[in-house]
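Q: Shown below is the structure under consideration.
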Amino acid sequence: MFKKYILTAFALLISTIVVAETMWAIIPGRPVPGGTTRWAWLWAKHMNNNIHHGSKVTKIDFKYVIGNRGKKALRAFHNQLRHDPTHMMVSHGGNATSTLLEDVGGYNFREYTPIMIHPGNMLVPVNKNYNMDTDKQVSALNNGGGSEPDHWAAALLVCPFTDNMDKFMACWDKKVTIVRGMKSGRQQALVNGELSVGRETWQHWSGNAVYQDNLDKVKLWLHHCQIDWARDSKTPVWIDDNNRSLKGMCFDDVFEDLHGRKPAGIVYDAYKLTVLWRDGIQKSLFINKNSPYTDDMVKITQATWDDPAFQEERLATLGDYDAYIGKDAEIVLKQVLGGVNKEVLEVAVRFVNDGLGYKASVKEELLQ
Amino acid sequence: MDFSIILWAFLGTLYGLFIGIIPSSGSNKALILLFSVASYFWGMPYEFVAFSTAAAVACTVGDSFAGVYIGVPGANSAAATMVEGFPLTKKGRSSYAIALAVTTSGIQGLVWVLPVIIILPVYLNFVHLLMIPEIWCVIIFSFLSVSLLTSSNPLKGFVAVALGIGLGAIGSDVVGNARFVFGHPDYFYDGVSVVIIATGLFCIPELWELWKTKISYERQSSNFQQIKEGIRDAFRLWRHSFLGGAIGFFYGCLPGYGGMGSEWLSYGIATKMKRKFDTPFGEGAPEGLVAPEGVNNAGKAGALMPTLLLGIPGSTWTMIIMGLWQFVGFGIGESYLLEDQKFLNTVFGSYIFALLFTVMLSLCLAGPLSTILRINKYIFIVTIICVTWWACISTNFYSSVLEDTIMFFLFSAFGFACKYYRISRPAILLGFILSSKVEEYSYQLYDMYEFNQVITRPFVIVVIVLAILMVIFSRKIKVDYV
């Protein structure tokens, strides 16, 4: 009898080892406390506390693929790692705009299932001495990918040609200077007045002493609005930011205050397309289609979202942005992918090539 | 400081002392080897900072052992120590020589780290005054100083800097477009890894030197009477010691230069100063031992200044340690880092801890520690080659083993060529480290400033005057520090 129990226990143990898996989340970068890594670490910490009984997933851990501004990770996931069902991709807003505008080795959101999408928003602070009428607008371009909407929004306020790209670009050349290669120090440069506009996340704006000690010199100018994803409409509906300190600074409202009309037209649509991709898929977790672990991962993610301990830490560190899990994430992804049309994409590509100066192209696979 | 930080500083001290005692090793090699384990510290970057800082400091103290006991300098910086230290050993006064050297190095290291600790928080209040033109000027000044002061032929120095900048340009331009990727964008897009360049330039060629060096070891034991005398004389010779510290600190502070050869300058001045002992120089004169020993750790403290303040390395070891710290996530030279009190406490806490602990250990266990010198050099060389190769492939997560290995051999050959043709290797590494920075700041300067706005700034004028003075002074340099 005793022997039987031992054998049963042993068989159970073996079957658990065979079925249960550690899930590997691929992070496109180094394991240092940057925005995406911090986000992933926070989620994973709480996900590991919310693994349900009977789950095939026993642990969530990380692999870091470094290089090519995250594009190496995208390529590695798309061409190789996704075929191992224990691998998931952590993707950020820069990856999303890279996928929209650049060659990323075939990486395509359509081919994966979103476990969760956690949209965000970016803010554009401005130096208080900047005079739109007389000064050139100076902003810093990090090396490609992810900052397109911020440059575009700030420029549209001084070049309000929302329906004519030729006029917009002519104005851009006259009134906007893009400073290339400013990887660091842009906060101080904005405070010093060397830059007139910047770009930040909510948590970096509110937690950065360079800004908070110099609120007499800098202020928030605008954010990009959020999308009301719950509506599941084909056309995104833009609403104000959830975070109380950002109320009333939505680009559309700031534009209307300045120019006395709502922004509209193809240039505005192209700007919004880059926002849709960058902030819509600001942080996300994807897995290959038909992975046997998808259901368990969705369940774990939902349990984590419902966990008050996670909510408390999330609100304090990531800001008040809702995450969309499972079927809801698929709706969000559908809206993001559905926002692409050829004419608008061409305008966005032109802006990147001619305005920001790095290589972009119209990708036919996004127009399907 | 947390217990874990102290623990890692302790381990770093032991590691650094061990490597430092081995002939022809030095802090550069000790730090390069750390790339092989850096990825294991990603979850604990402060511990890694403690470990690496302590290793660099302890290694510098350990350098004296080989010079004093067997007449082979631990690293270039200990060569001046050897001139007076080895004759003392031959006279049976090795414990005295070690005590004198180690105590001096420790005291001056402590004295000259104080200005750095005091200045850093003050600097934070003035950080807004240093704008793009000022930082660009300091970068160019660092190129000038390393070109002129490490090479007897300034042209060779400039060529070395240009080579480094060219190597640093491989990968992508300032907006992220691929550039000089030789048909392999996946491998080259992120540039050549700093560990490959540093290993090729500073590790493999030095191992060849060690291979050729004849080492004969005689058993040494601690003589506590001599150690007591050594400590006493280190205090008695405070003028020589302080002179060494001041020279080391000043040259250490010069961005890029790193004070190479300042030990000899200190030694040279010491020979002209009023003496306390009659022993002729070259035959074990304590003054001649104290003066260069005062330089080494004071120079390390000085080199931390431009590195931490501006992200412009003060010397070769800071170039390597910058790469290590950036690898675990610290953006060296960014102002937010100076607000990170834990980071600063870790750097200076582990520096002071390592200095005190190494000095105590060296004084108490000089004899037993000298047995490290008995390590078979061939085993050591092979081990180091294997570990540095491992460091090269592990920093890319073993994803490009073949490419990394080819680059490892290629840059080792390049390092040999530079040494043979006496092209300044520190200048190449500095050019490489600051390549992207100088490109970025040049673009920023061009995009945001007019020439007149730059040239009339007081800080810029001061830097130009210093540069002119350096050009005049550098004409006296007749030695290559390659």
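Coordinate-derived values only; no laboratory data. Just so it is clear, the structure is predicted and the values come from calculations on it, not from any experiment. Every residue, glycine as well, gets a Cβ built from its backbone with ideal geometry; the counts of neighbours run over all protein chains shown.
Q: For each of A:TYR321, B:TYR441, count neighbouring Cβ atoms within 10 Å of the residue's Cβ, then give the residues from fewest to most.
A: Taking fewest neighbouring Cβ atoms as first place, the list is A:TYR321, B:TYR441.
Q: Oh, and also: Nearest-5 percent of antiparallel DSSP beta bridges in the protein assembly as shown?
A: Of all bridge pairs located within the protein assembly as shown, approximately 60 percent are antiparallel.
Q: While we're on this one: If contacts are Cα pairs under 8 angstrom and at least 6 residues apart, what is the relative contact order of chain A in percent?
A: Numbers: 634 pairs, mean separation 92.2, N = 368.
Once normalised by length, the contact order is 25 percent.
Q: Once you place label points 7 Å from the Cα toward the Cβ at A:LYS342 and A:THR86, how far apart are they in nm?
A: Between A:LYS342 and A:THR86, the simple spin-label model gives 4.5 nm.
Q: OK, next. As a check on your grasp of the helix formula, calculate [θ] at 222 nm for chain B: sum -39500 (n - 2.57) over DSSP H runs of n ≥ 4, divide by the residue count, round to the nearest 500.
A: Details: 23 runs with 345 residues, N = 482.
Value at 222 nm, helices only: -23500 deg cm²/dmol.
Q: So, one more: Taking the Cα centre as origin and putting +1 on Lys and Arg beta-carbons and -1 on Asp and Glu beta-carbons, what dipole magnitude results for segment B:40-175, to the nearest 20 debye?
A: Result for segment B:40-175 is approximately 540 debye, rounded to the nearest 20.
Q: Please report the spacing between the Cα centers of segment B:400-436 and segment A:239-267 in Å, no decimals.
A: 53
Q: Here is a follow-up. For a 30 Å ceiling on Cα separation, which of these pairs sit above it: B:LYS214/B:LYS276; A:LYS183/A:LYS334; A:LYS247/A:LYS359; A:LYS167/B:LYS437; A:LYS174/A:LYS219; A:LYS72/B:LYS156?
A: Numbers: B:LYS214/B:LYS276 35 Å; A:LYS183/A:LYS334 33 Å; A:LYS247/A:LYS359 35 Å; A:LYS167/B:LYS437 35 Å; A:LYS174/A:LYS219 25 Å; A:LYS72/B:LYS156 38 Å.
Beyond 30 Å: B:LYS214/B:LYS276; A:LYS183/A:LYS334; A:LYS247/A:LYS359; A:LYS167/B:LYS437; A:LYS72/B:LYS156.
Q: Please name whichever of A:TYR112, A:HIS259, A:THR317 sits farthest to the positive end of the charge dipole of chain A, dipole taken about the Cα centre and charges placed at Cβ: Lys and Arg +1, Asp and Glu -1.
A: A:TYR112
Q: For the charge dipole of the protein assembly as shown, defined by +1 on Lys and Arg C-beta atoms and -1 on Asp and Glu C-beta atoms about the Cα centroid, which residue among B:VAL387, A:ALA76, A:MET182 has the Cα displaced farthest towards the positive pole?
A: B:VAL387
Q: Report the net charge of residues surrounding A:MET165, where surrounding means a beta-carbon distance below 11 angstrom and charges are Lys +1, Arg +1, Asp -1, Glu -1.
A: Surrounding charge for A:MET165 is -4.
Q: Going by amide H atoms built from the backbone, whose H comes under 5 Å of the H on A:TYR324, apart from near neighbours?
A: So A:TYR324 has HN proximity to A:ILE117, A:HIS118.
Q: Another question, then. Count the net charge of all other residues whose Cβ sits under 9 Å from the Cβ of A:ALA323, scoring Lys and Arg as +1 and Asp and Glu as -1.
A: Details: positive: A:LYS283, A:ARG314; negative: A:ASP322, A:ASP328.
Combined, the nearby Lys, Arg, Asp and Glu give 0.
Q: To the nearest 20 debye, what is the magnitude of the charge dipole of segment A:117-209 about its Cα centre, counting +1 on the Cβ of each Lys and Arg and -1 on the Cβ of each Asp and Glu?
A: So the dipole magnitude of segment A:117-209 works out to roughly 220 debye.
Q: So, with +1 on the Cβ of K and R and -1 on the Cβ of D and E, and no other charges, what is the size of the charge dipole of segment B:376-455 about its Cα centre, to the nearest 20 debye?
A: 640
Q: Still on this model: A:VAL340's amide H: which non-local residues (gap 5+, or another chain) put their own amide H closer than 5 Å, with H modeled 1.01 Å from N in plane and none for Pro or chain starts?
A: Correct list: empty.
Q: Relative contact order for segment B:1-156: what is it in percent, counting Cα pairs under 8 Å that are at least 6 residues apart?
A: Here the relative contact order equals 19 percent.
Q: While we're on this one: Can you say what percent of the DSSP beta bridges in chain A, counting only those with both residues inside, are antiparallel? Round to 5.
A: Restricted to chain A, the bridges split so that about 60 percent are antiparallel.
Q: Just to confirm a number: summing +1 for Lys and Arg and -1 for Asp and Glu over residues other than B:GLY415 whose beta-carbon lies under 11 angstrom from that of B:GLY415, what do you get?
A: +1
Q: Output the relative contact order of chain B, whole-number percent, from Cα pairs under 8 angstrom with separation of 6+ residues.
A: RCO, chain B: 28 percent.
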